[in-house]
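Participant: Please see the structure below; I have some questions.
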Amino acid sequence: MSQALLSADQLTCIREDRILFDQLSFDIYPGDLVQIEGPNGAGKTSLLRILAGLSRPYDGQVKYAGNTITRVREDYYENLLYIGHLAGVKGELSAEENLNFNLQLHGDSCENVEQALAQVNLTGFEDALASHLSAGQNRRIALARLWQSKAKIWILDEPFTAIDKAGIATLEHLFIKHIDNGGTVILTSHQDLQIGAQRLKRITLDYNFY
Amino acid sequence: MNQSISYWQTFSNVLKRDLQVAIRNKGDIFNPLVFFVIVITLFPLGIGSESAILTRIAPGVIWVAALLSALLSLERLFKNDYNDGSLEQMLLSPQPLFIMVFAKVLAHWLLTGVPIIIIAPLLAVLLHMEESAYGALLATLVLGTPVLSLIGAIGVALTVGIKKGGVLLSLLVLPLYIPVLIFATGAIEAAALNMPYAGHLAIIAALLAGSMTLTPFAIGAALRVSTN
């Protein structure tokens, strides 16, 4: 079997004196689509933030292609796309300016920005300020990056929040294309994905009371 | 592997974006400036218009007002980015964090420091400052206000995750501004007495050189800690 792209090694996370998860280990290979499940407060977002290197685990480490991510930070971040709860969209900038900046920040090309915005149904809103758009449209500005990204690992925290049904179908289609090309998608969602069970890996976090 | 975007490009992208955001949000630029002007005009009203006293206190008043207005404007350096998630995206960029941080601080100085430098001579007239001290006033402001932005940014980066970090921020940052204040007012007073003030300026310049090279790393580290 090929080498794991991303692996969690004995991760422990403690928040407010509560153990969210203890000694959690798993490997993610190219072509995996992983859904992290669990009730509210089970630590899904904490896990994603730890995987992205935004938070530090209490114990254990995250490895990218066999190396601890803090050691190979630049290399890891060139191959990582993380979209969290907050969209990272500035209200004072237009949809196109936001997308351009986010792409440049991660070294992706800005050539087909209009097409990417068309993919998320924002044609005609390119020059509208993000603060004048709806929550779902703001989310779509952030998600438009997915179409331009060269990153192999996508970590998405609740990507479907505020997105309509047609939008979700388009996104799922894109995820399948991405994993077929040897990428991986790690996401949390309370919705059931319309993706065949044989392609979907699940990691379930339980709510612990201690 | 992906060096198509150079460090310089990253720097100018972040700088351009921050200026653009500020220009569309005009209150951010004008509030600290108006604050600066009002604080200084309050002194002649409170103390009386006797020119001897005003001349004596002018350097201190202008510099203290500059410190406070810098402090007032600091919060927006990272707070908005933290609240809308763009700070997270910056932390996740493969580009070095200190370059982006430096661009953000430069944008902050251009928007708050430079207007103060431009308007300060006008307010010095109001306080009957000695004519020979104008050069020193401008020189200390040009060298000193970037130090205020750079050192203040460490404090903002440390408090960005706290809901009401404003008071804590001033407690953290104001003591660190003391050296700049002492040498800046010292230089202006020396100039008013027609004495050489190059030594004072050299010390402020050294503070600037030191903070320009070191603080971007400290700010970056502080941001990683406070978003943890």
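Participant: Extension gain residue A:37-residue A:100, at 0.36 nm per residue separation less the Cα-Cα distance, in nm?
Facilitator: Gain in length upon complete extension: 19.4 nm.
Participant: What spacing in nm lies between the two simple spin-label points modelled at residue B:56 and residue A:110, each 7 Å away from Cα in the Cβ direction?
Facilitator: Roughly 5.7 nm, to one decimal.
Participant: What lysines sit close enough to residue B:26 to cross-link, taking a C-alpha to C-alpha distance under 29 Å and skipping anything fewer than 8 places away on the same chain?
Facilitator: Residue B:26 reaches A:90, B:16, B:79, B:104, B:163, B:164.
Participant: Let me ask something additional. Skipping prolines and chain starts, which residues have an amide H placed within reach, meaning under 5 Å, of the one on residue A:32, given they are 5 or more residues away or on another chain?
Facilitator: A:185
Participant: Could you work out, residue by residue across B:23-31, how many beta carbons of other chains sit within 10 Å of that residue's beta carbon, and then give the average as an integer? Before the final figure, lay out each step's value.
Facilitator: Numbers: counts 1, 7, 3, 0, 0, 1, 0, 0, 0.
Counting Cβ atoms of other protein chains within 10 Å of each residue's Cβ and averaging gives 1.
Participant: What dipole magnitude, in Debye to the nearest 20, does region A:75-150 give about its Cα centre under +1 on Lys/Arg Cβ and -1 on Asp/Glu Cβ?
Facilitator: 340
Participant: Also, I was wondering about something else. If we sort A:163-176, A:144-157 on the protection proxy, mean other Cβ atoms within 10 Å, highest first, what's the order?
Facilitator: So the peptides A:163-176, A:144-157, ranked by packing, come out A:144-157, A:163-176.
Participant: Express as a percent, rounded to the nearest 5, the fraction of DSSP beta bridges in the protein assembly as shown (both residues included) that run antiparallel.
Facilitator: If we restrict to bridges inside the protein assembly as shown, about 45 percent are antiparallel.
Participant: Now for a separate question. What is the angle, in °, between the Cα long axis of helix B:114-126 and the longest principal axis of the Cα atoms in chain B? Nearest 10 is fine, range 0 to 90.
Facilitator: For B:114-126 against chain B, the angle is about 10 degrees.
Participant: If you average 1/r across every pair of different Cα atoms in the protein assembly as shown and take the reciprocal, what Kirkwood value do you get, in Å?
Facilitator: Details: mean 1/r = 0.0417 Å⁻¹.
Mean inverse Cα-Cα distance, inverted, gives 24.0 Å.
Participant: May I pose another question? Label-point separation (nm) for residue B:195 and residue B:162, each offset 7 Å from Cα along Cα-to-Cβ?
Facilitator: 3.9
Participant: Sticking with this one: Specify the inter-centroid distance of region B:175-216 and region A:15-88, based on alpha-carbon positions, in whole Å.
Facilitator: 46
Participant: Oh, and also: Put +1 on the Cβ of every Lys and Arg and -1 on every Asp and Glu Cβ in region B:50-180; which of B:120, B:54, B:64 then has its Cα farthest towards the positive end of the dipole?
Facilitator: Going by the charge dipole, the pick is B:64.
Participant: Against the empirical 2.2 N^0.38 Å scaling, what ratio does the C-alpha Rg of region B:7-226 come to?
Facilitator: Relative to the 2.2 N^0.38 Å estimate, region B:7-226 comes out at 1.04.
Participant: Continuing with this model, one more query. Any chance you could run the full-extension gain for residue B:114 through residue B:174? It's 0.36 nm times the residue separation minus the Cα-Cα distance, nm to one decimal. Spell out each step's value before the answer.
Facilitator: On the way: separation 60, 0.36 × 60 = 21.60 nm, distance 2.02 nm.
Additional length available on full extension: 19.6 nm.
Participant: Moving to a separate point now. So what's the projected area for region B:149-197, the Cα convex hull averaged over all directions, in nm²? Display every interim value, and only then the final one.
Facilitator: On the way: hull surface 15.3 nm².
Taking a quarter of the hull surface, the average projection is 3.8 nm².
Participant: At 37 °C and 0.692 mPa s, what whole-number value in µm²/s does Stokes-Einstein give for the translational diffusion of region A:89-150, with Rh from the Kirkwood sum over Cα pairs?
Facilitator: In µm²/s, the coefficient rounds to 297.
Participant: Normalised by the residues of region A:14-95, what does the relative contact order come to in percent, with Cα pairs under 8 Å and at least six apart?
Facilitator: Dividing the mean separation by the residue count of region A:14-95 yields 18 percent.
Participant: Same structure, new question: Residue A:59's amide H: which non-local residues (gap 5+, or another chain) put their own amide H closer than 5 Å, with H modeled 1.01 Å from N in plane and none for Pro or chain starts?
Facilitator: Here A:12 satisfy the definition.
Participant: Further question: Which listed residue (A:95, A:4, A:79) has the Cα farthest towards the positive end of the charge dipole for chain A, taking +1 on Lys and Arg C-beta and -1 on Asp and Glu C-beta about the Cα centre?
Facilitator: Towards the positive end, the residue furthest out is A:4.
Participant: What lysines does residue A:63 reach when the alpha-carbon gap must be under 21 Å and sequence neighbours fewer than 8 apart in one chain are set aside?
Facilitator: A:44, A:150, A:152, A:201
Participant: Taking the Cα centre as origin and putting +1 on Lys and Arg beta-carbons and -1 on Asp and Glu beta-carbons, what dipole magnitude results for the protein assembly as shown, to the nearest 20 debye? Spell out each step's value before the answer.
Facilitator: On the way: 30 positive and 36 negative charges, 61 e Å.
The dipole of the protein assembly as shown has a size of about 300 debye.
Participant: What is the average number of partner chain Cβ atoms found within 10 Å of a Cβ in A:87-97?
Facilitator: Counting Cβ atoms of other protein chains within 10 Å of each residue's Cβ and averaging gives 5.
Participant: Let me ask you something else. So what's the back-of-envelope 222 nm ellipticity for the protein assembly as shown, counting only DSSP H runs of four-plus at -39500 (n - 2.57) apiece and dividing by all residues, rounded to 500? Write down the numbers at each step before the final one.
Facilitator: Numbers: 16 runs with 239 residues, N = 438.
Using -39500 (n - 2.57) per qualifying helix, the result is -18000 deg cm²/dmol.
Participant: Quick one: putting +1 on the C-beta of Lys and Arg, -1 on the C-beta of Asp and Glu, what dipole do you get for chain A around its Cα centre, in Debye to the nearest 20?
Facilitator: 360
Participant: Output the relative contact order of region A:89-150, whole-number percent, from Cα pairs under 8 angstrom with separation of 6+ residues.
Facilitator: Relative contact order comes out at 49 percent.
Participant: I'd like the FRET efficiency for residue A:10 and residue B:8, computed as 1/(1 + (r/R0)^6) with the beta carbon distance as r and R0 of 30 Å, rounded to 0.05.
Facilitator: Rounded to the nearest 0.05, the efficiency is 0.15.
Participant: Okay, next question. Which whole-number percent gives the relative contact order of region B:7-226, counting Cα pairs below 8 Å spaced six or more residues apart?
Facilitator: 27
Participant: Moving on. Suppose we take every Cα in region B:1-116 and form the convex hull; what volume per residue is that in Å³?
Facilitator: 104
Participant: Next up: Could you tell me the calculated FRET efficiency between residue B:23 and residue A:71, based on Cβ-Cβ distance and R0 = 35 angstrom, to the nearest 0.05?
Facilitator: 0.30
Participant: Taking the Cα centre of region B:7-226 as the origin and placing charges on Cβ (Lys, Arg +1; Asp, Glu -1), which of B:187, B:139, B:80 is farthest toward the positive end of the dipole?
Facilitator: It is B:80, whose Cα lies furthest towards the positive end.
Participant: At 0.890 mPa s and 25 °C, plugging the Kirkwood radius over alpha-carbon pairs of region B:132-228 into Stokes-Einstein gives what diffusion coefficient in µm²/s? Provide the component values of the computation, followed by the final result.
Facilitator: Working: Rh = 14.3 Å.
It diffuses with D of about 172 µm²/s by this estimate.
Participant: While we're on this one: Count the net charge of all other residues whose Cβ sits under 13 Å from the Cβ of residue A:126, scoring Lys and Arg as +1 and Asp and Glu as -1.
Facilitator: Working: positive: A:140; negative: A:96, A:97, A:114, A:127.
Residues near residue A:126 contribute -3 overall.
Participant: Cα-based Rg of chain A per 2.2 N^0.38 Å, rounded to two decimals?
Facilitator: 1.02
Participant: On to the next question. Report, as an integer, the average count of C-beta atoms from other chains found within 10 Å of each Cβ along B:77-89.
Facilitator: 5
Participant: Another question about this same structure. Whose amide H sits under 5 Å from the amide H of residue A:82, counting only residues 5 or more places off or on another chain, with H placed in the peptide plane?
Facilitator: A:155
Participant: When ranked by the protection proxy of mean other Cβ atoms within 10 Å per residue, highest first, what sequence do the peptides B:108-117, B:28-37 form? Don't skip to the end; give the middle numbers.
Facilitator: Details: B:108-117: 20.9, B:28-37: 17.3.
For the peptides B:108-117, B:28-37, the packing ranking is B:108-117, B:28-37.
Participant: Which of the peptides B:179-192, A:122-135, A:7-20 is most tightly packed, and how do the rest follow, going by the mean number of other Cβ atoms within 10 Å of each residue?
Facilitator: B:179-192, A:7-20, A:122-135
We did not get these values from a lab; they are worked out from the coordinates using the rules stated. All figures in this text were calculated on a predicted structure; none of them were measured in a lab. A quick note on method: Cβ atoms are made from the backbone with ideal geometry, for glycine too, and the neighbour counts reach across all protein chains shown.
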